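Heads up, the thing below is written out as structure tokens.
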Amino acid sequence: MSDAQPATDDGTATHDGTSKVAVLRRVAPAAIAVVPVSLLFGMLAVRSDWALLEVVAISLLGFSGSGQFALLPLADSAQHRHRRQRALRCSR
């Protein structure tokens, strides 16, 4: 008995014997939907003065496109409120 991987056309196989090309074909429809939404969220977050670490963290931790977009105005309003409070303290 041998546990050797079955050969594929290009000589590469995953742990279960399917080719990497077959895996990419299965993942492509989801990637076509997720990648543009992710790029749009990243662009909007950077325009809202989010740090790169914040953008990456929310993208990794909150994997719901609508939740990420809903967080943008909430965080923006909290940031403006914090700036106003700080400005009021400095003016006193």
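Annotations
- Filtering the stretch 1-26 to residues that are at pLDDT 55 or above and open to solvent by less than 80 Å² (accessible area, probe 1.4 Å) leaves Thr12, Ala13, Thr14, Gly17, Thr18, Ser19, Val21, Ala22, Val23.
- Meets criteria (modelled with pLDDT under 80, surrounded by 10 or more Cβ atoms within 10 Å (Cβ to Cβ) and in contact with a helix residue (DSSP H, G or I) (Cβ under 9 Å, 6 or more places away or on another chain)) for Gly62: yes
- Meets criteria (open to solvent by 60 Å² or more (accessible area, probe 1.4 Å), of a type outside the set (Asp, Glu) and either at pLDDT below 85 or in contact with a strand residue (DSSP E or B) (Cβ under 6 Å, 6 or more places away or on another chain) (or both)) for Gln68: no
The values are calculated or read from the model by the stated rules, or taken from the named source; none is laboratory data. Computed from a prediction, not measured in an experiment: that's the story for all the values here. Cβ coordinates were reconstructed from backbone atoms using ideal geometry, including for glycine residues, and neighbour counts include every protein chain displayed. These accessible areas exclude ligands, DNA and RNA; they are computed on the full protein's heavy atoms, side chains included. Shrake-Rupley method; radii C 1.70, N 1.55, O 1.52, S 1.80 Å.
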